[in-house]
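First comes the structure, then the notes that go with it.
Quick note: the coordinates plus some simple rules give every number you see, no bench work behind them. Predicted model, so just to flag it, every value in this text is computed and none were measured. Note that we place each Cβ from the backbone using ideal geometry, even for glycine, and neighbour counts take in every protein chain shown.
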Amino acid sequence: MVIEDVQNQLGPDGGLRAEKDGSRPAANDPMRPRSGEGEQTPSRVKVEVRNLSFWYGSLQAVKNVSMSLKQNTVTALIGPSGCGKTTLLRCFNRMHDLYAGNRYAGEIRLMPDGANIVDPQVSPIEMRARISMVFQKPNPFPKSIYENVAYGPRLRGVRAKSELGDRVEAALRAAALWEEVKDVLRKSAYELSGGQQQRLCIARALAVEPEMLLFDEPTSALDPIATARIEELVAELKDRLTVLVVTHNMHQALRVSDYTAFMYLGELIEFGDTENMFSAPGEKLTQDYLTGRFG
Amino acid sequence: MMANRQRTGDLAALPPIRINNFRERMIVALLFSAGVFSIVITFGIVYILVSESLPFFGEVSIVDFLTDTMWTPLFARPRYGILPLVCGTLVTSFIALALAVPVGTVIAVWLSEYAPDAWRETIKPILELLSAVPTVVYGYFALLFVTPVLQAVLPTLPAFNMLGPGIVMGIMIIPYVGSLSEDAMRAVPMILREGSYALGASRLGTSLRVVYPAALSGIAAAYILAISRAVGETMIVAIAAGQQPELTLNPMDPAATITAYIVQVSLGDLPHGSIGYQSIFAAGLTLFVVTLAFNILGAILRGQFRQAY
Amino acid sequence: MSDLDRFVKKQRRVDRIFNRVGILCTVSALTVLVLLLLDLTADGLGRLDAEFFRAFPSRRPEQAGILSAWVGSALLMLVTGTTAIPLGVAAGIYLEEYASKNWTTRVIEVNITNLAAVPSIVFGLMALGLFVYQFQFGQSVLSGGLALAFLALPIVIVATREALRAIPESIREAAFALGASRWQVVRHHLLPYSAGGIATGVIISLSRAVGETAPLVTIGALTFIAFLPPAPLSGSPPFVSFEWLESPFTVLPIQIFNWVSRPGDDFLANAAAASLVLMGGTLLMNAVAITVRHRMRRRIKW
């Protein structure tokens with residue numbers, strides 16, 4: 001059945017069906033990637049994961065994972081519950097450092113400089129300034145919409161009201177939320193709907209101009225319409241940065257990603273071009289998962 | 001204003017993130033010292049109690065202290081047996097707990113298992129107000145209201161006695177028992193109750209045989225706290241029980257507790273360093289050791305009696 | 001009637017009886033509170049007038065007032081609050097946001113639980129030996145304020161921890177994920193969001209402290225104070241003075257204690273009136289605390 005789904009998803013030219021409604025960034029949008037980046041062949045590597053392992057205390061949750069994430073692509077992390085995909089995702093911005101007893105081994109090299117994200121000598125704060133995250137359940141701060149988005153730039157020292165205003169607007173535009181909230185920026189973020197709150201969280205993450213954006217099952221708490229809007233957004237965002245999405249919904253992976261990584265029990269079973277992997281998976285385990293034999 | 005702004009082109013890159021490691025470490029150090037300060041306070045208490053009572057125990061043997069039956073430090077020929085004070089503390093605390101524990105537990109069970117939510121939300125805060133009344137006011141109440149009422153029933157009751165303050169102390173402690181036990185019982189998962197009801201048990205049966213045992217660690221901790229509170233109470237007994245140390249177990253007699261004695265001496269003029277002065281530290285040390293023992297017991301009970309859900 | 005019917009009837013009766021017992025106990029307990037207030041009002045309301053608040057204690061009961069007492073209470077609360085709040089909130093932040101689960105942390109936590117249950121008079125003894133004599137602060141507002149601050153400290157710490165714990169982990173993760181340091185997360189997010197809960201705990205701890213008698217009697221707070229400590233603020237330079245910290249003092253509970261202990265009826269009305277003032281103050285503080293908590297709960301619903 002997944003095979004039919006794949007064929008339904010593919011447009012007549014074989015590529016993923018894109019849904020455009022004109023909300024792509026305008027030519028003079030300050031958030032648009034500057035010349036030299038994006039809109040080019042996604043062949044440059046943005047992140048190189050080498051032999052990454054992770055332990056919660058004595059339990060090994062990620063086992064020796066290696067993969068390359070290309071610049072300006074969307075990569076989906078799929079797999080059954082407990083396979084380690086969220087654990088792997090949270091290694092990229094050192095979220096595990098917030099809790100005691102966790103240990104990394106191996107490398108995640110962030111290009112172009114090659115910094116090893118999981119190196120204990122490397123500051124997690126610096127890494128988080130370059131890699132942002134959007135969480136499963138929308139978690140805006142109990143502040144106004146404006147303050148939520150402005151917090152990131154404020155952290156970086158931006159004080160001037162006009163500059164903050166510009167950055168907030170640009171981020172909200174990039175998250176396809178500006179039109180809906182531009183007149184009510186002082187309202188509490190909690191008055192927004194679930195889907196709007198999630199887009200607010202995306203805007204908040206974009207306001208710090210990250211090189212990479214991590215999504216942890218971003219639509220699992222949202223209704224189908226909100227989900228569709230977020231998926232659109234994710235596909236667009238790859239123009240400006242590199243995206244890694246964890247999803248428990250393999251159809252979503254098919255809709256949204258260029259590459260897919262399938263994990264099972266902490267190991268990376270298969271990684272490849274999304275269309276190829278869904279239509280002709282290389283590993284039996286992948287095939288079994290995609291056809292619903294387990295999961 | 002923002003809608004009218006002209007787009008002026010690309011925004012500059014954000015300044016790089018600045019981490020002030022030194023400041024972060026200083027802040028942790030400061031916060032840590034605040035945390036550790038509580039230990040300093042305990043050390044301070046122990047140090048003072050021990051160092052000021054040491055000279056006392058130089059003069060009075062521990063055996064005499066613990067077994068002599070009269071406490072008359074201010075007499076010409078002083079006697080230093082703490083038993084009368086201990087008796088005063090024991091009897092008043094016993095009366096208080098004999099009132100507070102049953103009544104508090106019944107209130108807790110009723111609030112947790114019987115009362116509608118709206119009632120509980122109103123009653124609990126008012127109940128907690130009972131423990132917010134200043135103890136000196138309770139002392140006034142015990143002396144000038146409760147004792148006369150008791151005298152109507154027991155005409156031979158003297159104006160200073162242990163019954164009145166004991167009862168008032170019990171009333172003060174009811175919220176400790178009631179509110180904390182109720183918290184513990186409400187934390188018991190519904191699923192346990194449902195199992196009992198499904199078997200046809202009454203509400204009371206379920207409360208006593210399922211909920212109460214399941215919440216026992218929290219309830220025991222509440223009882224222990226109540227005991228500590230009763231033993232450490234000062235003003236109610238100082239005002240209403242008479243401040244005369246007597247070795248008696250009769251609640252209708254006046255008596256002094258360990259705490260009331262300390263107050264009595266402090267009110268007077270005792271030269272710093274005299275044995276009378278030191279006697280209050282000896283009394284205080286005894287009190288501290290007793291309440292510490294109860295606190296440790298309470299902590300152990302909280303750990304050991306916890307049922308695994 | 002079958003056995004089952006009889007059984008069910010018995011169960012129902014047992015429940016009805018217990019329900020009545022429960023209501024009876026609860027109502028009795030609450031009635032005592034009402035009786036207490038009525039008794040105080042009956043005895044003391046007559047004495048409550050503006051003069052009562054403005055007069056010093058006196059050997060003549062009709063002329064005696066609580067001026068030195070309530071001023072003393074206020075000054076003492078100033079010292080207690082200024083000491084206990086920063087210390088308590090800082091310790092609460094450390095334990096909840098920074099401390100790892102090791103042996104030191106365990107010791108600190110056990111110690112705080114223990115301190116919360118130490119009888120108040122023991123704090124008085126400590127203050128007597130340490131502050132009054134060893135540190136030579138004397139029988140002063142400073143010694144009394146510090147004694148009560150140490151008494152109130154565990155409550156402030158617990159209130160801070162509870163308020164911080166109420167903030168969901170997801171908020172912290174969101175702030176960290178944007179590149180904030182731990183202190184930035186605390187300062188920009190956790191403290192502002194928990195401020196209501198912390199304020200509630202602080203006000204409650206102060207309302208307990210204002211009613212404390214035993215520790216202050218122990219350090220020798222005198223009961224016949226017919227003067228006020230020197231004013232902290234004045235119109236002429238130096239505009240702020242700290243002399244009041246060294247001054248002897250009295251507080252409302254001690255004044256009540258003193259009046260209750262006098263033989264004869266005359267001072268009892270004063271004691272009742274002062275009790276009404278004290279309870280009024282305490283109730284007011286509790287009401288403010290509950291209002292603050294209610295307001296904060298309405299603004300931020302997790």
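Here are the numbers for this structure:
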item	result
Net charge of Cβ neighbours under 15 Å - reference C:Pro57; Lys, Arg +1; Asp, Glu -1	+2
Most mobile of A:Ala171, A:Ala207, A:Ala105 in a GNM of chain A (Cα contacts under 10 Å)	A:Ala105
B:Leu129-A:Asp183 pseudo-label distance in nm [points 7 Å out on the Cα-to-Cβ vector]	4.8
Diffusion coefficient, µm² s⁻¹, Stokes-Einstein with Kirkwood Rh over alpha-carbon pairs of the protein assembly as shown at 4 °C and 1.567 mPa s	41
Mean projected area in nm² (Cα convex hull; one quarter of hull surface) for chain B	29.6
The range B:166-309 pair-distance distribution - Cα-Cα, 5 Å bins, rounded %	2, 9, 14, 15, 14, 12, 10, 9, 6, 5, 3, 2, 1, 0, 0
Efficiency of FRET from Cβ geometry, B:Val40 and B:Ala187, R₀ 41 Å, rounded to 0.05	0.75
Mean-position separation - Cα centroids, the range C:57-113 and the range C:140-176, in angstrom	11
Extended-chain gain in nm, criterion 0.36 nm per residue less alpha-carbon gap, A:Ala115 and A:Asp239	42.4 nm
Nitroxide proxy distance, nm - points 7 Å out along Cα→Cβ at B:His272 and C:Leu233	3.4
Most mobile listed residue (C:Pro215, C:Pro248, C:Pro230) in chain C, GNM with C-alpha springs under 10 Å	C:Pro230
For B:Arg79, net neighbour charge (Lys/Arg +1, Asp/Glu -1) across residues whose Cβ lies under 12 Å away	-1
Computed E for A:Gln287/A:Asn249 - FRET, C-beta separation, R0 22 angstrom, nearest 0.05	0.75
Rg/Rg_globular for the range C:50-299, with Rg_globular taken as 2.2 N^0.38 Å and Rg from C-alpha atoms	1.15
Helix axis angle, B:275-304 relative to chain B longest principal axis, alpha carbon, degrees	50
Sum of -39500 (n - 2.57) over DSSP H runs of 4+, divided by residues of the protein assembly as shown (222 nm, nearest 500)	-18000 deg cm²/dmol
Inter-part distance where the range C:10-26 and the range B:219-246 are each reduced to a Cα centre, Å	31
Cα gyration tensor shape of the range B:1-155, rounded if a/c is under 1.5, else prolate or oblate by comparing a/b with b/c	oblate
Mean Cα-pair separation over length for chain C, i.e. relative contact order, pairs under 8 Å, 6 or more apart, %	26
Chain A, relative contact order [Cα under 8 Å, separation at least 6], %	26
Efficiency of FRET between C:Ile17 and B:Asn250 - r from beta-carbon atoms, R0 45 angstrom, step 0.05	0.85
Local electrostatic count at C:Asp266 - Lys and Arg +1, Asp and Glu -1, tallied over other residues with Cβ under 10 Å	0
Degrees, to the nearest 10: B:21-59 long Cα axis against longest axis of chain B	10
Distance between the range B:15-42 and the range A:152-190 - C-alpha centres, whole angstrom	33
Two-site label geometry, B:Val149 and B:Ser33: point separation in nm, points 7 Å out along Cα→Cβ	5.2
Of C:Ala221, C:Ala116, C:Ala147, the one that fluctuates the most in a GNM where chain C has Cα springs shorter than 10 Å	C:Ala116
